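Okay, structure first, notes after.
The values are calculated or read from the model by the stated rules, or taken from the named source; none is laboratory data. Fair warning: this is a prediction, and the values are worked out from it, not measured in the lab. No Cβ is skipped: glycine too gets one built from the backbone with ideal geometry, and neighbour counts run over all protein chains shown.
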Amino acid sequence: MRYRKSTLCVIIVLLVFFLPITIFSTTKAIQKALYVENPNHEFKYNNKLYFYDGEELLGTYPCLNFTEVCELATPDNKPDPNIILKEYEVSNPTTIPIINSRYVFVKDTTFENVATSSAILYDLTTNQLLIKYNKVKNYGIGLDNNILIVQDNNGKYGVIELADNVIARIPYEYDYIGASSIINPETNKISSTKLVTLKDNIWQIVDSYGSVLSTNFENDIYTYNDTYIVLKQKDNQMYLTNYSGDVILTDTFKYLDFYEQYLLVIDNSNNFYIYNLQISQRITNTYPVNDINDVILNNTDNGIELLIDNRVVEIIKTEG
C-alpha cells in the first residue's frame, strides 16, 4: 500500500511538472502553424520585398534602405543621343518583371543616391545578391529568350541570359549594344537573334552569343533585317548594303527604312516611294514629302494603304 502511495505521488509530481510544459509547447506549435508572415501579401512589409506567384511566395528580398528607396528597378531604355540606331521606343516605362519566377532587379539605396544607384540582380531561390549593373535594357516589352542588355559599373555593355543560372552571352567589352525594333510575332518581344555592337568606333551586327555576322562598318548602323543593313554617313546620307558590306543601291538617300520585304525611300529631292527588294524595283509612284512623318502605312485586307499627309494615295497589293 505504501508502495502504491509513493507511485501515485511520483505521478502527480510529474504531471504537475510536465503538463504545463506540454500545454505550452502545443500552444506554441498551433500559433506557429497559424502564423502568416505577410498576411495581406503586401509588396513591402517588415523590412522586406515580397514576391508572389498568385498565392505562392517565391521569395523575399531584405531591404537595406526600407524607409527610403527599396523597390523593383526600372530598365534604362532611354535613347542615347549619340546613337542613331532605330530602337524600340517605350511609351510607358515599367519596372523589370520577375524572370523565371526567380530573378529580380531591385533598387536599394538612399534618396540622395537614387539617380546614380545600381540595379541589383537578386536570386530569390538562393537568397543571393548576384551582381550590380549600371544599366539594364529590356525595351519595356523584353527581348527573346530572357536576354538582357546590361552595362557594368565600368560603363561597358554586355549581354546576359537568365536561365538556371546567369549566363554571360556577350562579355562586357562594348561601348554600346542595342537591338533594332524588330518584334518577334510569336513572343511579342524584341527579336534577340541579331544585335548591334559598337567598339572602338566600329559597328558590327552579332548574334546573341557575340558571334560576328557582318563586316566592320565605320558608318553608323541605322537599322537592319535578315539580309540588308541601312547605314548613315557623317553627312546624314543613308545607303544600303548587305552583311558583307557590298553596296546594294548605288545612290545615297535622305531616308531609308524597312517595312516587311519593302524598302521605304526618301530621295534627295524629298520624294517618297516604296522599293521592292525582292524584285529590285520601285512599286509605287513618287510623292513629295517633308520627312517620313508625312507617311503612314496601314495593312488592310486589300493590301497596304499608303497615306501621304493623311490622304490615301495608293494601295499596294501584296502576295497571298
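Odds and ends about this structure:
- Boolean, L231 is closer than 20 Å to A179 by Cα and either at pLDDT 95 or above or buried (at least 17 other Cβ atoms within 10 Å of the Cβ) (or both): yes
- Of all residues in segment 182-203, exactly one satisfies the criterion of being within 20 Å of K234 (Cβ to Cβ), in contact with a Ser or Thr (Cβ under 8 Å, 6 or more places away or on another chain) and either among the aromatic types (F, W, Y) or surrounded by fewer than 19 Cβ atoms within 10 Å (Cβ to Cβ) (or both), namely W203.
- Strands (runs of 3 or more DSSP E) (entirely within segment 37-107) containing at least 2 residues that are under 21 Å from the mean Cα position of the chain (by Cα) and crowded, with 17+ Cβ neighbours inside 10 Å: 69-72
- Residues of segment 264-286 classified as part of a strand (DSSP E or B), free of Cβ contacts under 8 Å to residues at least 24 places away in the same chain and of a type outside the set (S, T, Y), total: 5
- T95 fulfils the conditions (1) closer than 15 Å to C63 by Cα; (2) touching a Phe, Trp or Tyr at 6+ places or on another chain (Cβ under 9 Å); (3) among the β-branched types (V, I, T) except for a single criterion, (1).
- Residue satisfying condition, being surrounded by 11 or more Cβ atoms within 10 Å (Cβ to Cβ), more than 19 Å from S180 (Cβ to Cβ) and in contact with a helix residue (DSSP H, G or I) (Cβ under 7 Å, 6 or more places away or on another chain), within set I316, I283, I308: I308
- Qualifying residue in segment 283-295 (condition: at pLDDT below 95 and out of contact with any strand residue (DSSP E or B) (no Cβ under 9 Å at 6 or more places or on another chain)): no
- Residue within segment 150-157 that is among the aliphatic types (A, V, I, L, M), more than 30 Å from V230 (Cα to Cα) and modelled with pLDDT of 95 or more present: no
- Residues in segment 148-174 that are surrounded by fewer than 17 Cβ atoms within 10 Å (Cβ to Cβ) and in a strand (DSSP E or B): V166, I167, A168, P171, E173.
- Selection of segment 287-320 for residues being of a type in the set (A, V, I, L, M, F, W, C) and in a strand (DSSP E or B) yields V295, I296, L297, I304, L306, L307, I308, V312, V313, I315, I316.
- The one condition in (1) of a type in the set (A, V, I, L, M, F, W, C); (2) at pLDDT below 90; (3) farther than 30 Å from Q233 by Cβ that V166 fails to fulfil: (2)
- Every residue from segment 113-147 that is part of a strand (DSSP E or B), touching a residue at least 40 places away in the same chain (Cβ under 8 Å) and either β-branched (V, I, T) or within 21 Å of S208 (Cα to Cα) (or both): I120, L121, K135, V136, K137, L143, I147
- Every listed requirement among (1) more than 24 Å from Q204 (Cα to Cα); (2) surrounded by 12 or more Cβ atoms within 10 Å (Cβ to Cβ); (3) free of Cβ contacts under 8 Å to residues at least 24 places away in the same chain is met by M238 save one, (1).
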